[in-house]
Amino acid sequence: MSRADLLQQEMGLGPAWRPRAGWFEQHPAQLPSHAPEAGTEQAAMAAAPAEPEPPHTGDAIMAMPRETAPAVPPPAEIAAAATAQPEPAFAPEPLRAEVRVESAQLDWPQLQSQVAGCQDCRLCETRTQTVFGRGNPQARWMLIGEAPGENEDRQGLPFVGRAGQLLDNMLQAAGLDREKDVYIANVLKCRPPGNRNPAPDEIAACNGYLLQQIRHIQPTLIVALGRFAAQTLLETEDSIGRLRGKVHRYQGVPLVVSYHPAYLLRNQPDKAKAWQDLLLAHKVFRQAAN
Ligand code: SF4
């Protein structure tokens, strides 16, 4: 059994997905990256009305007895979904002004430095450190989560701990290297105390940093991880169930919504849906990169 098969088996999905002919050539590592202009575990997921995301506790899916794992679609079904994905449906893009970067555009090191010393909202009083992001600033994929959790606040990196491990496994199974092919950031750069939901004024204060990160990275595709990130980026209160399976746009960049890996740790049936989201993301990426 190949490494990818093992990873997918670990995710409870089975060795379902295989790279198709031509996929490798379209892999992010094989494509020219955009040149930059210059230079969690997260808050508990509150229930969404139509498709709730219950709070997560950080239980490791790897520690769950295999026999307790709920049924997932058979490998052939997932493989068929990969090859027979319908043409992505683009959701209407909300009317937006230009990229709303209120502060001056900084180069990457300046931006990192400004975030590290930021005191623009109350979260600076309770954080251990800011969590700027992780990965390749020239990556074609950008993953955006909600906010740092306890582990992220302690380590200064997004998506560490068990949720980060699951995300790594999913990315690897999809042929993406966390450090090379993707850049991972959060809407908020500081941990809300007690992993509470971010407040609107905190989001407003921090939004310019994320927008500047996107301007620098110029991703081909954005994946919003979790209800909160999706609703914040898309400025909607729609449930994650309504937002998944469509192609949205954020600042002109195609955006696909999926579940937060911390949520998936406790909701194994939805791992299959997350895999479908990843397949959709691959399809959108291939189209956008061409
Ligand atoms: S959350 Fe954002 S705006 Fe608030 S202090 Fe941290 S970096 Fe600054």
* Report yes if Pro198 is modelled with pLDDT of 95 or more and at negative phi, otherwise no. => no
* To do: Name every residue in segment 122-142 that is over 23 Å from Pro219 (Cα atoms) and surrounded by 23 or more Cβ atoms within 10 Å (Cβ to Cβ), in order of residue number.
  => Leu123
* Asked: Would you say Pro198 is within 13 Å of the ligand (Cβ to nearest atom), in contact with a Phe, Trp or Tyr (Cβ under 9 Å, 6 or more places away or on another chain), assigned to a loop (DSSP other than H, G, I, E, B) and within 28 Å of Gly117 (Cα to Cα)?
  -> yes
* **Pairs with Cβ under 9 Å, 6+ apart, first in segment 176-204 and closer than 16 Å to Gly226 by Cβ and charged (D, E, K, R), second open to solvent by less than 50 Å² (accessible area, probe 1.4 Å) and more than 15 Å from the ligand (Cβ to nearest atom)** => Arg196/Ala44
* Which of the following residues is surrounded by 23 or more Cβ atoms within 10 Å (Cβ to Cβ) and either closer than 21 Å to Pro254 by Cα or hydrophobic (A, V, I, L, M, F, W, C) (or both): Gly175, Gly145? -> Gly145
* Structure fact -> With the first residue restricted to segment 107-121 and required to be modelled with pLDDT of 95 or more and open to solvent by 50 Å² or more (accessible area, probe 1.4 Å), and the second required to be aliphatic (A, V, I, L, M) and within 9 Å of the ligand (Cβ to nearest atom), Cβ contacts under 9 Å at 6 or more apart or on different chains are Asp120/Ala205
* Residues that are open to solvent by 30 Å² or more (accessible area, probe 1.4 Å) and either in contact with a Pro (Cβ under 6 Å, 6 or more places away or on another chain) or not in a helix (DSSP H, G or I) (or both), drawn from segment 217-259 -> Gln218, Glu235, Thr236, Glu237, Asp238, Arg244, Gly245, Lys246, Arg249, Gln251, Gly252
* **Top-ranked residue of segment 109-166 - restricted to ones that are among the hydroxyl-bearing types (Ser, Thr, Tyr) and in a loop (DSSP other than H, G, I, E, B), ranked as farthest from the ligand (Cβ to nearest atom)** => Thr128
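The values are calculated or read from the model by the stated rules, or taken from the named source; none is laboratory data. What you see is a predicted model; the values in this text were computed from it and never measured. Every residue, glycine among them, receives a Cβ derived from its backbone with ideal geometry; neighbour counts consider all protein chains shown. Quick note on the areas: whole protein, heavy atoms, side chains included, nothing else; ligands and nucleic acids left out. Shrake-Rupley method; radii C 1.70, N 1.55, O 1.52, S 1.80 Å.
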